[in-house]
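Taking it in order: structure first as structure tokens, then the write-up.
Please treat every number below as a calculation from the coordinates, not as lab data. Please read these numbers as outputs of a predicted model, since none were measured by experiment.
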Amino acid sequence: MAVGAVLVLALLPGVSSCRKTPNDVIPQEEMAQLLADIHKGEGVVETHRSGFRTDSMKSVLKQSIYAKHGVTAEQVDTSFVWYGHHIKEYMEVYTRVIEILEEEMDRTSALANADSQMAVSGDSADAWQWSKTYEITRMSPSRLITFALTPDENWEHGDVYSWAMKVSNNRSLISSQMAVKYDDGSIEWIDRNISEDGWNRLELVLDSTKTATSVFGMLTFEPTEKERVFLDSVALVRTRVNRYNYGRRSSQKKLTPIKSKQETAEEGASDSTITK
């Protein structure tokens, strides 16, 4: 399941698709609800590792999530492949996943306290507030690791985010992406594939002339049946922009929001009014 350059959790104004999912693919809203539960299941495993020491225990949790949604592992795998090749639809699904999780956090104070945004101060700080270690297998409730940051009082224009982790026992492919969304609706992202053990790092340099509204990231794993991939020392270090690292923005990909016909017409009418 290769997702390629997925822009994590980003939904552009005016960008949507009329394409219907095939009969063997889980529809968008159902897929979003399923992914939200999978993420919660992964959180349960990370929080209560003593209760999920074996693959069989993790498999029971995974199958219970599938049973709740009335889907099979084959349907889920087929759906992941389809969405991985239809990026706009995948973006819409993941935006909905975040909405679902945020709604639940708002309703549950305990979850809100556990998952609240931590303001990190200083010119160099580790913004990673989740687990520092992970173990991923085919039986894991989720084969994704994601994060989402929203602005705090320490954000500055042009900040640099470096997502680093040490990978062990990886025999397949890990797809990594980081993206930033600005207040004008535009998106920038960078991605790379990880295929070797050792230290790996992904760096995203924000535009110093724009205001960022969110920074997202995702790791997608494709372990083989008997493979166990380990991550440790996960960190998300934020530093300030300088003339030496700002040039690295040239390797980042950019996506500008598409204006709807109504927006274009309204702008045209406004321009016409001004020139009269």
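Structure summary
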read-out	value
Inter-part distance where segment 224-246 and segment 150-210 are each reduced to a Cα centre, Å	8 Å
Segment 28-257: relative contact order as a whole-number percent, Cα under 8 Å and 6+ apart	24 percent
